[in-house]
Each structure stands twice: as C-alpha cells, then as structure tokens.
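Laboratory data are not the source of any read-out in this text; all were calculated from the coordinates shown. In this text the structure is predicted, and so the values were computed from the model without any measurement. As a convention, Cβ positions derive from the backbone with ideal geometry for all residues, glycine included, and neighbour counts pool all protein chains shown.
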DNA sequence: CAGCATATTCAACAAGCGTTGAATTATCAA
DNA sequence: TTGATAATTCAACGCTTGTTGAATATGCTG
C-alpha cells in the first residue's frame, strides 16, 4: 500500500463525506453516518484523516487542484485563440463556467456533490471567507484580470461587485436546491447545469457591460 | 401576560437563535449556546417553542410577513406610479431589493441576521426547497409576473432562469460572507448593502433584457 | 391579601457525539 | 513462510446533546 495510492476504503470515506457534507453541512453530519455510508468502522475515518475538521478539509481540497487547472486552461485557451484584442466578456465567463458543466457531464456524481459543497462553503459566513480564499482567490483574480482587459473603462470597484453577482448566481446553481424546479412549475431543472450556464453567460455578460461601461 | 405580547426573554431567545443559526446553520448551534446568549435556562427555549426544529421555524417565520408586506408594497407603489405601461425592469428589481436595504439601515442588527438566515436556508439543498416555497413563492411569483409584463417577448423558461440569477446574487449578498472584502482588497464591503444593490440593479436588469429579449 | 396561571429554573435522563488505545486482519517484501 | 508494516475493527471513554417532569418564581385577578 503505497502512499500515493490511497486505499479504496479511504476514497469511499471521502466520497460519502463529500455527499453528506454538501447536503447537510459540516455540523449536520456525524462520523458514524459517514462510516456507515462507506461501509467501514467509525474509527477508520480518524485513522486516515485525523479529526473531523481535517476530514472536512481533505474533502474540500481533494478536487480543488484539478478544478482550478481545468478552469485556468479554459481561460488560457480562449486567450490564445482571441489574438491581440483579447477574449470578449462572454468568452471569459464561458471559460469560467463551462468546465463546471463538463465535470457534471462525465456522469461522476462525486463532482456534482463536490460543487454543491463549494456552494455550501462559499455561502457560509462562518466557513466562506477562510476556506475559499486560500484555494480559489488566485484563479478568480486571474479571471478578473482578464475581465478588466476586456472592459478597459471599468472601475475596479464595479468590476468586483459584478464578479460578486456572477459568483452568487453560480453558487446558487451549484447548490442544486431544487427551488427553481418548484418555482417554474417544472420547466426549469436545478440539475440541468447546461441550461443554467446557457442563461447565465449572456445574463452576466450583459450585466458586466452595463455596469462596467462597455459600449 | 397576554398571548399577543410575548415575554422579553422569549424574544431574546429568538434574537440569539436568529444570529447563531445564520452564522453556523441549524446543526451548528446548540440550545445551550442560544440559552446562554439569551441569559436564560436551556429549558426555556423548549417551553416556549417546543423542539429545536420548531424554534428554527419560529425564527424563520417571525419576520417573514413584515418582509413580504414591505416588498409587495414597494412593488405596488412602482406599479401605481408607472401608469398604463407598467414599471420598467429596473423599477421592478428595485422594488424587489431596496426594502432589504431599508431593513438594514434602521440599524436593527436583527434584520441583518434574519436576512443572513434566509441566505443560509435558500442556498441549502436540505432546507431550501421545503422552507422557502411556503413563505416566499407567492411574493416571488408576483414579481415574476410584473417582469413578464415588462418583457412581453420573454419565454417563461428564460424568465425563471433570469430570476434564478438574480436570486443567487441576492442570496450571496445577504449571506455577508466577507469574501468580496478580501477579494477586492477592501474596496468593496459585504456589509454595504446599498453599494451591493446599486450594482445589482443595473447588472441584473441588463441581464433580463439581454436574455428575455427587450430591445 | 389569596389564588392561579404563566414563566422560569433545576436536575436529570438516555442517546449520540468525536476520539483513542488496543486488538485484529490484510498486504507484501524478503 | 515469516516478519514487518499498514489497514481496519473493536471496545470503550468522557462529554455534550435535546428533551422532560418536577420545583420554584413571577405577575395578574379578584
């Protein structure tokens, strides 16, 4: 059992923890629920990950690097293909969002749970600030830089508030609360990330232009 | 002690519960923390409100009627003053958001906590659907009706997805995570609801027009 | 004042919590 | 096969949890 190939049971613990933390939050899940879902003894989670909070952090970090890389390479791709003028607002937002959709389309339920966990953390006054910044600020600031170039007349403050709006729309989407299903009488589905982004991209791009002074 | 005038201690329990639930979520708060914060015995919360979940519901419902009334009257006001053409998209969104700002400007910290609690619930896959619908769907559908009239070419599906984006931006604002403070290096502040809405209104109005086919 | 209902505290419960040390099983190199 | 190391389970701990029934305090009514 090498260090680089974690045991199957340790991965199952992460998978179940991911799903339950995303649904009920950190305090709403017990180690026994996780162990039970993973079909292992309760002590095994502590053996592999330490304290409960360490398991929480392990779940949060597990997919972060891969996620950041896929979004960053989407940004680089649209920057490379857009020549000297640089990518448009739509292209940048597309690069920001579409990788999240791909993650879902692989059929890997784990990614969906992970994104819901990010939504939980990002929207939490208690966890949000301290946990999101460390792993995601670098990437986010890179996207904001790109947007600044696409919107040369923008004031920085406006740019950040616009990003805040985008981030909020995205967060509620990732949370998959099912609220829009009820509200729309079934014509929209929370699980349909593609439809969400198909609307979110032109919506937020128009918002950026309106507030940040594109023509 | 009449039924209509709840005791001061019972109100303090609600106030503290509101604050702690908003910060840590339902499972992250114990009845002893609430009782301690309110300066009363643990058993008093059970005496007044029953089970923990009933206290949670009591907190959630306490300010809902007043909030709905203030937003609805803001909508009616802009409908009355806009003549036969009906209010613009901006006016409708303004009526949707500004009452939340007023609630904060009274200096009543309780309202800020309550709005953060709504953000927690609305973004939760576990609580969101079941709790938000009962209290807020009627009002939300009224606003969407108004938007439909202001955007006569809109497809219903597009309208709901646009509302979803607005709701997400609002939810993250109400949560007050402080993330934008860090991200912007201090030039934006989570606590500044007015600045948030000053940006959110033109941002989302432009999004609605873009997606829902205004000229 | 007495009487009574309400409000509040006190004391305790059974259940479940995270955590840990020791015992057991699995894995793999020698 | 043997021995060593990692993985896993077992069993238990001290503590906290939500809840409840009884005891006490409070405030109103007559």
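Based on C-alpha pairs under 8 angstrom that are at least 6 apart in sequence, chain A has a relative contact order of 20 percent.
State the Cα centre-to-centre distance between segment B:180-204 and segment A:108-168 in whole Å. Segment B:180-204 and segment A:108-168 have Cα centres spaced 13 Å from each other. Extension gain, residue A:141 to residue A:85: 0.36 nm times the residue separation minus the Cα-Cα distance gives 18.2 nm.
Counts of other chain beta carbons within 10 angstrom of each beta carbon in peptide B:191-201 average 3.
Taking only DSSP H segments of four or more residues, each worth -39500 (n - 2.57), what value at 222 nm results for chain A once the sum is divided by all its residues, to the nearest 500 deg cm²/dmol?
On the way: 11 runs with 160 residues, N = 215.
One gets -24000 deg cm²/dmol as the mean residue ellipticity at 222 nm.
Pairing the Cα long axis of helix A:64-80 with the longest principal axis of chain A, what angle in degrees results, from 0 to 90 and rounded to the nearest 10? In chain A, helix A:64-80 runs at an angle near 20 degrees to the longest axis.
Among A:24-37, A:119-132, the peptide with the highest mean count of other Cβ atoms within 10 Å heads the list, and the full ranking is A:119-132, A:24-37.
Does segment A:62-152 come out rounded, prolate or oblate by the C-alpha gyration tensor, with a ≥ b ≥ c the root eigenvalues, rounded set by a/c under 1.5 and, if not, prolate when a/b is larger than b/c and oblate if not? Taking the square roots of the gyration eigenvalues as a ≥ b ≥ c, segment A:62-152 is oblate.
Compute the angle between helix A:8-24 and the longest alpha-carbon principal axis of chain A, please, reported from 0 to 90 degrees and rounded to the nearest 10. Between helix and principal axis, roughly 60 degrees.
Counting beta carbons within 10 Å around each of B:204, B:112 and listing the fewest first gives the order B:112, B:204.
Length available on full extension from residue B:157 to residue B:102: 0.36 nm per residue minus the Cα-Cα distance, which gives 16.7 nm.
Averaged over residues, the count of other Cβ atoms within 10 Å places the peptides B:79-90, A:177-188, A:147-158 in the sequence A:177-188, A:147-158, B:79-90, highest first.
Across peptide A:153-160, the mean count of Cβ atoms from other chains lying within 10 Å of each residue's own Cβ comes to 3. For residue B:142, the label point sits 7 Å beyond Cα toward Cβ; its separations from the matching points on the remaining copies run 4.7 nm, from shortest to longest.
Across peptide A:41-53, the mean count of Cβ atoms from other chains lying within 10 Å of each residue's own Cβ comes to 0.
Decide, for the protein assembly as shown, between rounded, prolate and oblate: order the square roots of the alpha carbon gyration tensor eigenvalues as a ≥ b ≥ c, take rounded if a/c falls under 1.5, and otherwise choose prolate if a/b is larger than b/c, else oblate. Oblate, because a/c is 1.5 or more while a/b does not exceed b/c.
Extension gain, residue A:53-residue A:32: 0.36 nm per intervening residue step, less the Cα-Cα distance, totals 6.1 nm. The same position residue A:81 in the other copies lies at 4.8 nm from this copy, comparing label points 7 Å beyond Cα toward the beta-carbon, shortest first. Against chain A, whose longest principal axis comes from its Cα atoms, helix A:89-105 is set at around 20 degrees. Sorted shortest first, the separations between the residue B:105 label point and its copies elsewhere in the assembly read 4.6 nm; each point sits 7 Å from Cα along the Cα-to-Cβ line. Pairwise Cα distances in segment B:87-215 exceed 17 Å for 60 percent of all pairs. The Cα atoms of segment B:8-61 give a gyration tensor whose axes a ≥ b ≥ c have a/c under 1.5, which makes the shape rounded.
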